[in-house]
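What follows is one structure encoded as structure tokens, with my remarks underneath.
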2 protein chains.
Amino acid sequence: MGRKCAKPDKIRLTEVAKLAGVSPITASRFFRNPDALSVGKRARVESAANELGYVPNLAARALASQRTEVIGVLVPSLTNNVFSDVLRGIYDALDGSPYSIQLANTRYSIFQEEKLLRLFLAQKPTGLIVTGINQTAESRSIMESVACPIVQIMEIGPSPIDMMIGFSHYEAAKAGISHLLEQGYRRIGFLGARMDPRVQRRLEGYQAAMSDAALFDPRRVVTTATPSSVTLGGTLFADLLAKAPDIEAVFCGNDDIALGALFECQRRHMSVPEQMAIVGFNDLEFMSCAVPTLTSVRTNRYEMGRDAAMMVIEAVEGRRPEQPVVDLGFSVMKRQSSARRN
Amino acid sequence: MGRKCAKPDKIRLTEVAKLAGVSPITASRFFRNPDALSVGKRARVESAANELGYVPNLAARALASQRTEVIGVLVPSLTNNVFSDVLRGIYDALDGSPYSIQLANTRYSIFQEEKLLRLFLAQKPTGLIVTGINQTAESRSIMESVACPIVQIMEIGPSPIDMMIGFSHYEAAKAGISHLLEQGYRRIGFLGARMDPRVQRRLEGYQAAMSDAALFDPRRVVTTATPSSVTLGGTLFADLLAKAPDIEAVFCGNDDIALGALFECQRRHMSVPEQMAIVGFNDLEFMSCAVPTLTSVRTNRYEMGRDAAMMVIEAVEGRRPEQPVVDLGFSVMKRQSSARRN
DNA sequence: CAATCCTTTGGTAGCGCTGTCAATATCAGT
DNA sequence: ACTGATATTGACAGCGCTACCAAAGGATTG
């Protein structure tokens, strides 16, 4: 006897089966595939399980079936509001399903990401949701050789590992700039913090739109690797004004930066949009009620999380999407802060 | 042969043991308790594991050892910035430890919480971190009869289930009101959204402080069960002004509400603090850089998460804290929005 | 009525790891 | 050299569940 004997009050599948008068394997089938049971046994097992308060041992199930009902989620940050919306979508989609989330924070490091990926995949997850399209070559090959569905979120690109849901940050930024140009603004600056791959693509979109209009001037770009914050937005905006005092408008890499820029304008008694137009990115909730209301490029973060989780579930159940890449798009929410010049 | 044979390339503990020339159990001990091995074997097992890229099967480990290295975390919301700070603290504290997080969202429902609790405890977690002190009686008795360490966070109260880390929302709100009173404000309103137990205790603190000063007037309280947002802050503030046009100051149940109130003041061209003082709660990052800078009651959310996770780890390792209840306190960050009246 | 099929149920044998205890090696003390 | 104590190591069994196969029961057909 290698083990202390099991406590007699412990409810295992065996106990349920005994009470229901069936074999353990039949009781097991009730949970895996109830349709395979006859109606009578199904009811008997169900009531026995309820009566005893049976809760399956997931470790035993995982060991025996060689898979877990866990969906791994890799995000670069937990602080960023953007990801909390995505996570909410994921958790909502999985609510009531047998799947649970294993969340890990890569802290914007693709090497950390690779490490976490190995850890996750060793546990045979049901699926994986990873942020972005900039993985290490090693991460990519690990993911490509794995059996479970994988959804890359936040961005879209030409070569999905498996599935992808997001939007083009490049096009979204371009659309934001086009809006400013349409409104008559010409000397438009760019503020970017953190400068992760997605912010960089927004910068590229800005550059492209400005170059297309023959208006690009590198002195109007201020970026930093520092994590984003409202305070930082004010600082970056002050830096931009120092470098390029003649700017008429500023395109901000995200909404925190935009709010910080607005506050800095207020501090300097610069009127928005008369003296300075402001456009943000993501359209967080506060943008529509700031004074003046702040224009922003809306992204569908909640939907992204929700749909990514649904894509994983559909894929494990054999219903792969006809299109592996889903573009959720974006929309420029035009508000007072970028009203027509003059 | 009940099973398809194991793939020969699969790396199990057996493979590592074979390569290292030891028994599987000795290899196992290397991971559980390396000090119990002789130096030579320790090195042999380590290099064998590295060479083969061995990753332990957590399901098998959990099944055999009857416990998991998972810490369950129950929070009421993923959207609320407050909890994202707490979560960041928890994840940071556990980074590099063998423990992982299982996060679940109770959506501010104590019945959902009870359900999730049962689910968690069935998996024999290492520890549990739960939000607040308002559990169902059933939840409480489940948790009291369980072996693993449990930390209640966000609040402190008289009877911890096991351990507790937080602060008194009642005292924190009282301190915020005292500050306004000291600054010469008398007709002070209260704005509250969601009205979860912690916001209710802040309201009680407000009522106590106002009553102590013989200044309490129920018409100056506006609350709603609607989840908090900046926009809602503006709406609530407008409601308050309609009900009690003579107010001089407003104490907001959180910082989003405070920011919304500030924007509403700007919209109405009411100067802050001359015509209206504003005090928020939590001291989110933007409060210190708004225009004017916004006074807020700072709470130590990151530290709360970090220390809660550390308390769990310490407790499982047998080092129980001498004091089961930790009060992290708060501090009133006095800023322009509540500068002295006149 | 036998042959065939499909549905429903059960038996067997692990999944990969670790708790318990026993066995062996090592060492200090007498 | 011998005893007892301590450090290392190994054998065994089993954690609770499910994959696989086989068998039994019932329906259908020629």
Which listed residue, of B:MET143, B:MET163, B:MET154, is at positive phi and in contact with a helix residue (DSSP H, G or I) (Cβ under 8 Å, 6 or more places away or on another chain): B:MET154
Just checking, which of A:LEU74, A:LEU52, A:LEU117, A:LEU78 is under 24 Å from B:LEU117 (Cα atoms), crowded, with 22+ Cβ neighbours inside 10 Å and in contact with a helix residue (DSSP H, G or I) (Cβ under 7 Å, 6 or more places away or on another chain)? A:LEU78
Here's a check for you: in segment B:20-30, which residue that is within 6 Å of DNA strand D (Cβ to nearest atom) and not in a helix (DSSP H, G or I) is nearest to the other protein chains (Cβ to nearest Cβ)? B:SER23
Quick one: which of B:THR106, B:THR68 is surrounded by 19 or more Cβ atoms within 10 Å (Cβ to Cβ), modelled with pLDDT under 95 and closer than 30 Å to A:GLN66 by Cβ? B:THR68
Report yes if some residue within segment B:231-245 is under 10 Å from B:LEU191 (Cβ atoms) and under 24 Å from the mean Cα position of the chain (by Cα); otherwise report no. yes
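Is one or more of the residues making up segment B:6-19 near DNA strand D (Cβ under 9 Å from one of its atoms), within 42 Å of the chain's Cα centre (by Cα) and either under 21 Å from A:PHE120 (Cβ atoms) or at pLDDT 85 or above (or both)?
There is no residue in segment B:6-19 that is near DNA strand D (Cβ under 9 Å from one of its atoms), within 42 Å of the chain's Cα centre (by Cα) and either under 21 Å from A:PHE120 (Cβ atoms) or at pLDDT 85 or above (or both).
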For segment B:274-292, does any single residue satisfy the condition of being among the hydroxyl-bearing types (Ser, Thr, Tyr), facing chain A (nearest Cβ under 10 Å) and under 21 Å from A:LEU294 (Cα atoms)? yes
For segment B:65-85, enumerate the residues that are more than 9 Å from chain A (Cβ to nearest Cβ), touching a Phe, Trp or Tyr at 6+ places or on another chain (Cβ under 7 Å) and away from DNA strand C (no atom under 16 Å from the Cβ). B:ILE71, B:GLY72, B:VAL75, B:PRO76
So, B:ARG61, is that one at pLDDT below 90, out of contact with any strand residue (DSSP E or B) (no Cβ under 9 Å at 6 or more places or on another chain) and more than 7 Å from DNA strand D (Cβ to nearest atom) or not? no
Test B:VAL55 against the stated conditions and say whether it is away from DNA strand D (no atom under 16 Å from the Cβ), touching a strand residue (DSSP E or B) at 6+ places or on another chain (Cβ under 7 Å) and either more than 8 Å from chain A (Cβ to nearest Cβ) or in contact (Cβ under 8 Å) with a residue 40 or more places away in the chain (or both). no
Tell me whether segment B:64-79 contains one or more residues that are farther than 25 Å from A:LEU284 by Cβ and acidic (Asp, Glu). yes
Here are B:SER178, B:SER168: which of them is polar (S, T, N, Q) and over 26 Å from B:ALA137 (Cβ atoms)? B:SER178
Matching residues in segment A:210-230 - criterion: being assigned to a helix (DSSP H, G or I) and either touching a residue at least 40 places away in the same chain (Cβ under 8 Å) or under 26 Å from the mean Cα position of the chain (by Cα) (or both): A:VAL230
Can you name every residue in segment B:202-220 that is under 17 Å from B:VAL332 (Cβ atoms) and surrounded by 16 or more Cβ atoms within 10 Å (Cβ to Cβ)? B:ARG202, B:GLY205, B:TYR206, B:ALA208, B:ALA209, B:MET210
Which one is modelled with the lowest pLDDT among residues in segment B:109-141 that are closer than 23 Å to A:ASN105 by Cα and β-branched (Val, Ile, Thr)? B:THR126
So the helices (runs of 4 or more DSSP H) completely within segment A:31-132 holding 2 or more residues that are of a type outside the set (Ser, Thr, Tyr) and over 21 Å from A:THR14 (Cβ atoms) are A:81-94, A:110-122
Among the candidates B:ALA258, B:ALA249, B:ALA238, B:ALA244, which residue alone is more than 11 Å from chain A (Cβ to nearest Cβ), surrounded by fewer than 24 Cβ atoms within 10 Å (Cβ to Cβ), small (Gly, Ala, Ser) and in contact with a strand residue (DSSP E or B) (Cβ under 9 Å, 6 or more places away or on another chain)? B:ALA244
Run down A:ALA62, A:ALA49, A:ALA36 and say which single residue is of a type in the set (A, V, I, L, M, F, W, C), over 30 Å from A:PHE120 (Cβ atoms), within 14 Å of another protein chain (Cβ to nearest Cβ) and within 40 Å of the chain's Cα centre (by Cα). A:ALA49
Being within 16 Å of DNA strand C (Cβ to nearest atom), over 27 Å from B:LEU74 (Cβ atoms) and out of contact with any Lys or Arg (no Cβ under 7 Å at 6 or more places or on another chain) narrows it down to one of A:ALA60, A:ALA27, so name that one. A:ALA27
In segment A:299-341, which residues are surrounded by 18 or more Cβ atoms within 10 Å (Cβ to Cβ), free of Cβ contacts under 8 Å to residues at least 60 places away in the same chain and of a type in the set (Lys, Arg)? A:ARG335
Which residue pairs have Cβ atoms closer than 9 Å, lie 6 or more positions apart in sequence or on different chains, and pair a first residue in segment B:117-130 that is free of Cβ contacts under 8 Å to residues at least 24 places away in the same chain with a second residue that is in a loop (DSSP other than H, G, I, E, B)? B:LEU119/A:VAL55; B:ALA122/A:VAL55; B:ALA122/A:PRO56; B:ALA122/A:ASN57
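The values are calculated or read from the model by the stated rules, or taken from the named source; none is laboratory data. Worth saying up front: this structure is predicted, and the values here are computed from it rather than measured. Positions of Cβ are backbone-derived with ideal geometry, glycine not excepted, and every protein chain shown enters the neighbour counts.
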